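The values are calculated or read from the model by the stated rules, or taken from the named source; none is laboratory data. This structure is a prediction, so every number in the text was calculated from the model and none was measured. Cβ placement follows ideal geometry from the backbone for every residue including glycine, while neighbour counts extend to all protein chains displayed. When the accessible area is computed, the model is the full protein with side chains, heavy atoms only, and any ligands, DNA or RNA have been set aside. Shrake-Rupley method; radii C 1.70, N 1.55, O 1.52, S 1.80 Å.
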Amino acid sequence: MIRTLCCYLCLCLLATVGSGDTYPRQPGVDALNYVFRLTLNDDTDEIIGEASIDLRFTKDNPADFTLDLASVNDGKGMTVSEVKSAGAALRFTHHADLLRISLGSPAKAGEQREFVVRYRGVPARGLRILKNKFGARCFFSENWPNNARQWLPMIDHPYDKATSEFIVTAPVKYQVVANGLLQEETDLGDGRRLTHWKQSVPIASWLNALGVAEFAVHHAGLVKGVELQTWVYHQERAIGPAWFETRSRQALEFFSEHIGPYSYEKLANVEAAGFGGGTEHASAIFYGEKSILERPDAGLIAHEIAHQWFGNSVTEKDWDDVWLSEGFATYFTLLFTEHYEGRDAFVAGLKRSREQVFTLEKENPGVAVLHDNLADMKLVLNRIIYQKGGWTLHMLRGLMGTENFWAGIRDYYQRFCNGSATTDDFRRVMQEHSGLELSWFFQQWLARAGSPVVEGGWRYDAVTRRIVVELAQTQPGEAYRLPLEIGITADGATRVEKIELSQKRQRFELTADKEPLMVALDPNTWALMQVRFDKR
Ligand SMILES: [Zn+2]
């Protein structure tokens with residue numbers, strides 16, 4: 001997810017997300033599959049819906065269960081006309097965005113039932129019905145982070161992943177894109193077309209996507225066995241595919257080869273109205289019409305495609321751990337740069353990101369990467385999660401070594417693919433692959449707000465033939481534990497020594513036959529710290 005009007009790294013539109021909702025879990029019920037039958041038209045913004053929901057009960061004898069679904073407020077929201085199961089009508093209440101359904105007969109733990117909900121209404125959010133930049137009417141979902149409930153009856157929480165289908169009837173001028181594989185397109189003979197998409201891999205609620213517009217659709221063939229498609233407004237059919245497909249091909253190849261197989265049945269890059277940046281819906285990424293097709297932007301495409309592995313396939317179990325999605329997409333975009341553009345471009349990106357961390361931390365004192373039992377959905381994302389989350393992965397790679405890091409990443413992906421994970425799950429996998437105890441590292445970089453500030457210098461003692469390095473950590477609070485490299489340049493060559501700075505003031509002595517030309521702290525850009533270091 002990247003939101004912007006001008007630059008994909010700013011999150012200007014975050015204020016538009018939900019309204020301070022909490023997101024209680026339902027321990028007694030597990031959603032397995034949703035089928036959404038929707039009718040859209042051009043005369044009104046009202047949608048007519050029928051949702052078939054397969055649930056499994058996970059405890060005995062629940063009296064009822066709830067689905068998230070917006071109730072009517074100020075003329076917008078959904079009105080439910082009927083709830084049925086096995087052909088029998090069920091009693092229900094619908095208040096405060098919760099549809100509570102009474103069970104007609106007791107359910108046993110492990111039992112699976114299908115429920116059908118008939119409803120209609122004008123969505124306040126979640127499905128946006130608007131005009132695109134060419135003035136043409138279109139429909140685009142925007143479910144992040146908890147707006148699926150605005151138009152779809154669901155368990156609207158990232159922990160409950162399910163498969164889904166969209167069966168959409170809309171005026172025949174529109175093409176319809178959604179998650180998964182196209183099952184059917186039929187002109188109904190009355191000016192409307194029925195389009196059926198089926199997503200057979202379980203995904204989190206916000207990753208369900210629907211786009212309805214007058215699209216030009218380009219099929220680019222298979223990349224690593226995955227069908228690559230481009231959906232842009234028909235006015236841009238000549239420029240859209242070229243803009244998307246080169247970078248998408250590279251991203252699919254790089255991430256498939258380095259992390260593991262892509263999880264989904266296709267990858268559609270979709271131009272969408274009303275926002276900048278991108279949203280990573282599983283297998284159907286939306287890119288804001290305002291920020292695409294004008295300039296090369298490998299970073300945006302790589303970021304959203306990286307999410308298909310991290311965020312979509314391996315999903316954070318809770319919003320508290322959202323860095324497992326955004327921090328990963330940020331660092332894997334830098335790894336994409338390292339692979340295709342080389343180390344200098346990678347290091348330049350790391351340095352830009354590091355400066356952003358320091359600026360963001362100044363603007364947001366006390367904000368750590370991990371949320372602490374977050375209840376306000378407006379606060380799910382902040383840019384610290386992206387940039388410091390990404391840097392945490394980079395430092396972990398520095399600590400473990402590049403080979404162990406990639407082995408751990410592949411194993412983490414394989415173990416939690418199409419499921420959910422916590423930060424502790426990730427830590428345990430990386431511990432196994434490094435042989436290191438990493439609790440201190442995760443605590444220091446993810447749970448603690450702020451970054452280290454290191455000041456000091458070096459001098460050469462010709463008598464003892466030693467370089468004396470004196471360092472102080474001047475940030476408030478306790479000392480960080482900082483494994484650091486020192487680069488010593490003499491006679492046209494640089495050798496690297498490793499030290500660990502773990503106290504507020506510390507002195508190190510390194511042997512050297514003669515006075516070096518230069519001594520540098522962190523010459524290979526592995527440490528997230530502000531540094532003042534010079535010759536004394
Ligand atoms: Zn993102």
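Calculated accessible area for the chain comes out at 40 Å² per residue, all protein chains present (probe 1.4 Å; ligands, DNA, RNA ignored). The stretch 249-321 and the stretch 128-147 have their alpha-carbon centroids 18 Å apart. In straight-distance terms, cross-link reach from Lys290 covers every one of the lysines whose alpha-carbon lies under 26 Å from its own, apart from those fewer than eight places away in the same chain; here that gives Lys131, Lys133, Lys173, Lys266, Lys378. Above 22 Å, the calculated P(r) of the stretch 255-376 contains 44 percent of its Cα-Cα pairs.
Within 12 Å, Cβ to Cβ, of Ala282, how many net charges do the neighbouring residues add up to if Lys/Arg are +1 and Asp/Glu are -1?
On the way: positive: Lys161, Lys266; negative: Glu265, Glu280, Glu304.
Around Ala282, the charge tally is -1.
Couplings 3J(HN,Hα) for the stretch 158-167, derived from phi with the Karplus relation 6.51 cos²θ - 1.76 cosθ + 1.60 (θ = phi - 60°), are x, 6, 9, 8, 8, 7, 7, 9, 10, 10 Hz, where x marks Gly and Pro. What does the C-alpha gyration tensor say about the overall shape of the chain? Classify as rounded when a/c is under 1.5, otherwise prolate if a/b is larger than b/c, or oblate. Because a/c hits 1.5 or more and a/b exceeds b/c, the chain counts as prolate. You can think of it this way: the chain between Glu403 and Arg91 has 106.6 nm of extra reach, that is 0.36 nm per residue less the Cα-Cα gap. Stokes-Einstein diffusion for the stretch 26-149, with the hydrodynamic radius set to the Kirkwood value over Cα pairs and evaluated at 20 °C in a medium of 1.002 mPa s, equals 137 µm²/s. Using Cβ point charges alone (K and R +1, D and E -1), the dipole size of the chain about the Cα centre works out to roughly 640 debye. Rounded, prolate or oblate: pick one for the stretch 140-272, where a ≥ b ≥ c are the square roots of the eigenvalues of its C-alpha gyration tensor, a/c under 1.5 means rounded, and failing that, prolate if a/b is larger than b/c, else oblate. Verdict is oblate for the stretch 140-272.
How many times 2.2 N^0.38 Å is the alpha carbon radius of gyration of the stretch 379-536?
Numbers: Rg = 18.1 Å, N = 158, 2.2 N^0.38 = 15.1 Å.
Against the empirical 2.2 N^0.38 Å value, I get 1.20 for the stretch 379-536.
Determine, for each peptide in 128-141, 314-327, the mean count of other beta carbons within 10 angstrom over its residues, then list the peptides with the highest first. Mind dumping the intermediate values first?
Values: 128-141: 17.4, 314-327: 23.6.
For the peptides 128-141, 314-327, the packing ranking is 314-327, 128-141.
Take every Cα-Cα pair in the stretch 446-533 and report what % of them are more than 15 Å apart. Walk me through the intermediate numbers first.
Values: 2207 of 3828 pairs.
Every Cα pair in the stretch 446-533 considered, those over 15 Å come to 58 percent.
Global size of the stretch 64-111: 12.3, 40 Å for Rg and Dmax (C-alpha atoms, Rg to one decimal, Dmax whole). For the stretch 485-523, the list of trypsin sites (Lys or Arg not before Pro) that fall in a loop by DSSP and count at most 16 other C-beta atoms within 10 angstrom reads Lys504, Lys514. Rounded to the nearest 20 debye, the dipole magnitude of the stretch 320-416 is 180 debye, with +1 charges on Lys and Arg beta carbons, -1 on Asp and Glu beta carbons, and the Cα centre as origin.
Karplus-derived 3J(HN,Hα) values for the stretch 238-247, using 6.51 cos²θ - 1.76 cosθ + 1.60 with θ = phi - 60°, are 7, 10, x, x, 5, 4, 8, 6, 4, 5 Hz; glycine and proline are entered as x. Spatially, the stretch 491-520 and the stretch 170-195 are offset by 67 Å when compared through their Cα centroids. Rounded, prolate or oblate: which fits the stretch 292-440 when a ≥ b ≥ c are the square roots of the eigenvalues of the alpha-carbon gyration tensor, with rounded for a/c under 1.5 and prolate only if a/b beats b/c? Rounded is the answer for the stretch 292-440, as its axis ratio a/c remains below 1.5. Listed peptides 97-103, 181-187, 263-269 appear in the order 263-269, 97-103, 181-187 once ranked by packing, highest mean of other Cβ atoms within 10 Å at the front.
Can you give the Kirkwood hydrodynamic radius of the stretch 289-354 from its Cα pairs, in Å with one decimal?
Numbers: mean 1/r = 0.0787 Å⁻¹.
Radius from the Kirkwood sum: 12.7 Å.
Taken one residue at a time, the phi angles of the stretch 490-500 give Karplus couplings (6.51, -1.76, 1.60, θ = phi - 60°) of 8, 6, x, 10, 10, 10, 10, 10, 10, 10, 10 Hz. Gly and Pro are set to x. Among 429-437, 160-168, 340-348, 405-413, sorting by the average number of other beta carbon atoms lying within 10 angstrom of each residue, highest first, gives 160-168, 405-413, 429-437, 340-348.
Rg and Dmax over the alpha-carbon atoms of the stretch 432-494 stand at 16.3, 45 Å.
Of all the accessible heavy-atom surface of the chain, with the other protein chains kept in place and a 1.4 Å probe, what percent is carbon and sulfur? Walk me through the numbers before you get to the answer.
Working: 10230 of 21250 Å².
Of the solvent-accessible surface of the chain, carbon and sulfur hold 48 percent.
Taking 20 Å as the straight-line reach from the Cα of Lys351, the lysines in range (excluding those fewer than 8 positions away in the same chain) are Lys362, Lys388.
Here the alpha carbons of the stretch 99-204 define both size measures, Rg and Dmax, at 16.4, 54 Å.
Hydrodynamic estimate: the Kirkwood radius of the stretch 388-459 over Cα pairs, inserted into Stokes-Einstein at 10 °C and 1.306 mPa s, corresponds to D of 119 µm²/s. Here the average projected area of the convex hull drawn through the C-alpha atoms of the stretch 231-277 stands at 4.2 nm². The Cα center of the stretch 409-431 and the Cα center of the stretch 38-103 differ in position by 34 Å.
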